[in-house]
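S.K.: Here it is, the structure in full.
The values are calculated or read from the model by the stated rules, or taken from the named source; none is laboratory data. Quantities reported herein were computed from a predicted structural model and do not represent experimental measurements. Ideal geometry is used to build each Cβ from the backbone, glycine not excepted, and the neighbour counts take in all protein chains shown. The area values use the complete protein model at the heavy-atom level, side chains included, leaving out ligands, DNA and RNA. Shrake-Rupley method; radii C 1.70, N 1.55, O 1.52, S 1.80 Å.
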Amino acid sequence: MSKVRVISITNQKGGVGKTTTAINLSAWLANKGKKVLAIDADQQGNTTSGIGLDKNNIENTIYDVMLEECSLSDVKLSTCVKGLEVVPANINLTGAEIELIGKEGREYILKREIENIKDIKIVDWVIMW
């Protein structure tokens, strides 16, 4: 497997197409034969539902990863697109900011998790927003 690449789609403004871009880019890469891990980092969880998962009926999400209760590998779920897995999000993510206020190194939790994914090379691409 080649080098794992990471794309982060960001913009402070809402309604600019971050979710649409992330879903379509992830699906396109998977359809091209790449293994893709899509990380939904938005408390609305619209990418999770847009990929076809019920965001309200998921046991573990990116929230649990941020609280270091499990890893990205533990949370990722298969989708209907071959080669595309998603780390889901839902409204629970809203509470993570408050729960992590006093935690040392909180801004590096997701970075470390992505580095772990890159080290074991189970995917070609990580797409997050």
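S.K.: Check the chain and count each lysine pair with an alpha-carbon distance under 18 angstrom, considering only pairs eight or more places apart or from different chains.
M.R.: Taking the chain as the scope, the lysine pair count is 24.
S.K.: Quick check: convex hull over the Cα atoms of region 1-40, volume per residue in Å³, rounded to an integer?
M.R.: 65 Å³
S.K.: Under a point-charge model restricted to the Cβ atoms of Lys and Arg (+1) and Asp and Glu (-1), what is the dipole moment magnitude of the chain relative to its Cα centre, in debye to the nearest 20?
M.R.: My answer is approximately 800 debye.
S.K.: I've got another one for you. Rolling a 1.4 Å sphere over the protein heavy atoms, what is the accessible area per residue of the chain, to the nearest Å²?
M.R.: 58 Å²
S.K.: In the Gaussian network model of the chain, springs joining C-alpha atoms below 10 Å, which of N11, N90, N116 carries the largest mean-square fluctuation?
M.R.: N11
S.K.: Could you please tell me the mean projected area of the C-alpha convex hull for the chain, averaged over all directions and given in square nanometres to one decimal?
M.R.: Seen from a random direction, the Cα hull of the chain projects 7.6 nm² on average.
S.K.: If you roll a 1.4 angstrom probe over the protein chains with everything in place, what fraction of the accessible area of region 15-74 belongs to carbon and sulfur, to the nearest %?
M.R.: Ligands and nucleic acids excluded, carbon and sulfur reach 40 percent.
S.K.: Any idea what the dipole of region 75-129 comes to, in debye rounded to 20, about its Cα centre with Lys/Arg Cβ at +1 and Asp/Glu Cβ at -1?
M.R.: That gives a dipole near 180 debye.
S.K.: Moving to a separate point now. Taking GluC sites (Glu not before Pro) as exposed when DSSP calls them loop (any state but H, G, I, E, B) and at most 15 other Cβ atoms lie within 10 Å, what is the longest stretch of the chain free of them, the sites themselves excluded?
M.R.: It works out to 1-58.
S.K.: Now for a separate question. Largest first, how would D54, D124 line up by accessible area (1.4 Å probe)?
M.R.: D54, D124
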